[in-house]
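The values are calculated or read from the model by the stated rules, or taken from the named source; none is laboratory data. Just so it is clear, the structure is predicted and the values come from calculations on it, not from any experiment. A quick note on method: Cβ atoms are made from the backbone with ideal geometry, for glycine too, and the neighbour counts reach across all protein chains shown.
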Amino acid sequence: MQKRVALVTGAASGIGLAVAESLANADYQVVMADVNAEIGGQQAGRIGAHFVKVDLTDASACRALVAEAVERFGSVDVLVNNAGIQHVSPIEDFPEEKWNFIISLMLTAPFLLIKYCWPHMKQKGWGRIINISSVHGLRASEFKSAYISAKHGMMGLTKTTALEGGPYGITVNAICPAYVRTPLVDNQIDAQAKTHGIPREDVIETIMLKKAAVKKMIEPSEIGDAVLYICSDSAGCMTGTDFTIDCGWTAC
C-alpha cells in the first residue's frame, strides 16, 4: 500500500522536528518545511524525509509548497501546521510590522495551506489536519498580544474547517500544549526575565510553570505521539477539538 504523505511546517527543530520524526518512524512519507534550510535539510536527511525551504508569510510560497509535495508524492494526506515564533513585549512597545508578520505566519499561512491541501484530501475521502496551537489558544497571558491573537484565531479556524471537512472524511483538530522544552521556549527565558524584572533562573518556576498542576516542561516527543494518535483510525470521530496537553493549566 502506498505510504501516506504528511506535510509538517516549522519542522527544522523543536515540536515540528519531533512530529516529523514520529511520522517518519510510523512509515509516513514526510515533507518537512522550514525557513532554515541548513538545519532542516540535515534533519530531513537524518530521518529520511524531503525538505523544502519556504517563507510561509509569502502566499505564493504556501501554494508552491503544497504543489511540490503533490508533484513529488502524489498527494498530501496529513497537514501539521506548526510553524511559529514567540514574542514577549508590552503592547505599547510592540511594532506593527511584527504584528503583521506573526499573524501572517501563524494564522494566514495555516489557512492557505489548509485551502491548498483540501482538494487532495477531499478527492481521497480522507485527511488529517492538525494545528499546533497552544494553551494560549485557550487562555491569555500578558505581553503576548500577537501570539495569543494568532492562536485564538487558529482555534476558530480549526472548528470551522472541521465542520466543513466532516462530510469528506477530513478531520481537523488542534493540539494545545503548555510550555514545551524547545529552543523556541528556551529563547524566551531572557525576554521573560527582562519584561517581568526577575532573574533568568526564576522564569521557569514563577512564570512558565506557575499555572501548571504538573510542574514540568512537556517533551516534544509527547506532541509527536499526540499527532500519531490523531492520525490513527482510533481518532476517526475526533474533529473540531482542542487536544490539550497543558499539565493542568486549564483545569481551574
Residues located in the range 74-127, provided they are in contact with a strand residue (DSSP E or B) (Cβ under 6 Å, 6 or more places away or on another chain), part of a loop (DSSP other than H, G, I, E, B) and not charged (D, E, K, R): SER75, VAL76, ASN82, ALA83
Looking for whichever is farther than 23 Å from ALA20 by Cα and of a type in the set (Val, Ile, Thr) here; the options are ILE130, ILE85, ILE148, ILE114. Which one fits? ILE148
Only residues that are over 20 Å from GLY127 (Cα atoms) and aromatic (Phe, Trp, Tyr): list them for the range 1-55, please. PHE51
Filter the helices (runs of 4 or more DSSP H) completely within the range 13-73 down to those with at least 2 residues that are touching a residue at least 40 places away in the same chain (Cβ under 8 Å) and not β-branched (Val, Ile, Thr). 14-25, 59-73
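The rows are residues; the columns are (1) of a type in the set (A, V, I, L, M, F, W, C); (2) at pLDDT below 95; (3) in contact with a helix residue (DSSP H, G or I) (Cβ under 8 Å, 6 or more places away or on another chain).
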position: ALA83; (1), (2), (3): yes, no, yes
position: GLY137; (1), (2), (3): no, no, yes
position: SER141; (1), (2), (3): no, yes, yes
position: THR158; (1), (2), (3): no, no, no
position: TYR179; (1), (2), (3): no, yes, yes
THR250 fails exactly one of the following numbered conditions: (1) of a type in the set (Ser, Thr, Tyr); (2) under 23 Å from HIS87 (Cα atoms); (3) not in a helix (DSSP H, G or I). What is the number of that condition? (3)
Residue list for the range 18-56, filter: polar (S, T, N, Q) and within 15 Å of the chain's Cα centre (by Cα): SER22
For the range 1-17, give me the residue count where each residue is surrounded by fewer than 24 Cβ atoms within 10 Å (Cβ to Cβ), under 14 Å from the mean Cα position of the chain (by Cα) and more than 17 Å from GLY45 (Cβ to Cβ). 1
I'd like the full set of residues that are surrounded by fewer than 18 Cβ atoms within 10 Å (Cβ to Cβ) and among the hydroxyl-bearing types (Ser, Thr, Tyr), limited to the range 150-189. THR160, TYR168
Condition first: hydroxyl-bearing (Ser, Thr, Tyr), more than 15 Å from the chain's Cα centre (by Cα) and not in a helix (DSSP H, G or I). Now tell me which residues in the range 132-181 satisfy that. SER141, THR171
